[in-house]
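Data first, discussion second: the structure below is written as structure tokens.
The values are calculated or read from the model by the stated rules, or taken from the named source; none is laboratory data. Fair warning: this is a prediction, and the values are worked out from it, not measured in the lab. Cβ coordinates were reconstructed from backbone atoms using ideal geometry, including for glycine residues, and neighbour counts include every protein chain displayed.
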């Protein structure tokens with residue numbers, strides 16, 4: 001994977017410049033050069049020691065999502081997270097999210113959890129520490145930590161009931177196994193809002209007022225009636241090999257304010273996924289949306305270098321549409337793994 005290089009900004013040692021160091025694969029070199037030609041890292045938050053920060057006292061807190069202040073009615077009691085716990089965040093907490101907004105965003109995250117589906121249970125951290133049990137909607141496919149294994153052993157227990165369900169396909173020749181299941185029901189538009197909340201959380205304080213419309217979208221109870229609005233579409237890469245060690249979110253800002261590209265693009269990385277979110281409707285971009293100019297959105301490249309790709313394989317990208325604002329049911333969900341070896345334990349007849 002790419003490495004991050006940290007350097008102090010001359011004359012301002014309190015701020016750190018960040019840039020990626022690595023060799024992109026040949027397939028993504030042009031995309032990488034195009035994207036980094038438009039954008040530079042503005043902010044980065046990761047669930048690690050370097051990026052933890054002290055929180056404001058509760059009496060000094062203001063919610064950036066609804067502008068609520070600490071009062072008798074609003075005590076900021078909730079343990080609000082900058083990034084959802086369900087994607088692996090343990091330590092990054094928020095001091096700008098009130099209890100009411102935290103409750104609303106928790107509902108969005110329920111849909112995000114159902115969208116991610118069985119992938120969460122297959123994650124290495126769950127195989128090691130446990131705590132998450134996946135059941136398919138019909139309860140015939142179950143994934144959880146194998147509690148019969150020693151505590152220091154990362155091992156999953158996978159149950160497939162009723163043989164006709166065909167819960168997995170084994171490709172012994174290519175050493176791959178694909179598990180087939182169904183996602184629990186979820187609202188795609190709420191999944192989008194969950195990603196949008198992450199993106200708005202990574203904004204530095206001085207940029208919050210530039211996204212008044214985006215904050216309103218996050219709080220809106222109005223049903224989205226559109227089916228093909230590009231604002232609600234995200235690019236995603238799935239990369240083979242080891243997962244990201246901890247969730248990370250990066251805010252990219254365009255280098256030249258006159259470029260016909262959105263002001264900010266957000267990269268959200270967790271497990272084996274990289275999502276690209278365009279922060280919508282920055283007020284300083286208003287001049288671009290006159291119905292005449294053509295605005296382009298450069299694709300984020302997967303930040304996987306060629307050495308990683310040569311060892312584990314190439315990332316695969318696709319585009320997701322989260323316009324639908326109603327429950328999506330019975331969506332198929334396949335997850336493929338590579339393996340070094342396996343033992344056939346079926347009973348002989």
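Quick notes on this one:
- Search result, residues across segment 40-65 that are under 25 Å from the mean Cα position of the chain (by Cα), surrounded by fewer than 16 Cβ atoms within 10 Å (Cβ to Cβ) and in a loop (DSSP other than H, G, I, E, B): 48, 52, 53, 54, 55
- Residue tally, condition over 25 Å from residue 317 (Cβ atoms) and either surrounded by 11 or more Cβ atoms within 10 Å (Cβ to Cβ) or modelled with pLDDT of 90 or more (or both), over segment 223-236: 1
- Residue 94 farther than 28 Å from residue 328 by Cβ, crowded, with 18+ Cβ neighbours inside 10 Å, within 20 Å of the chain's Cα centre (by Cα) and in the same structural domain as residue 81 (by TED's automatic domain parsing): yes
- Single match in 58, 69 (criterion: assigned by TED's automatic domain parsing to the domain that holds residue 197 and within 22 Å of residue 220 (Cα to Cα)): 69
- Within segment 70-91, being surrounded by fewer than 18 Cβ atoms within 10 Å (Cβ to Cβ) and out of contact with any helix residue (DSSP H, G or I) (no Cβ under 9 Å at 6 or more places or on another chain) holds for 71, 72, 73, 90.
- With respect to the conditions (1) under 17 Å from residue 233 (Cα atoms); (2) within 17 Å of the chain's Cα centre (by Cα); (3) assigned by TED's automatic domain parsing to the domain that holds residue 218; (4) buried (at least 19 other Cβ atoms within 10 Å of the Cβ), residue 268 falls short on a single one, namely (3).
- Test: residue in segment 99-111 that is part of a loop (DSSP other than H, G, I, E, B), crowded, with 21+ Cβ neighbours inside 10 Å and out of contact with any helix residue (DSSP H, G or I) (no Cβ under 7 Å at 6 or more places or on another chain): no
- Selection over segment 66-81 of residues that are assigned to a loop (DSSP other than H, G, I, E, B) and in contact with a strand residue (DSSP E or B) (Cβ under 9 Å, 6 or more places away or on another chain) gives a count of 4.
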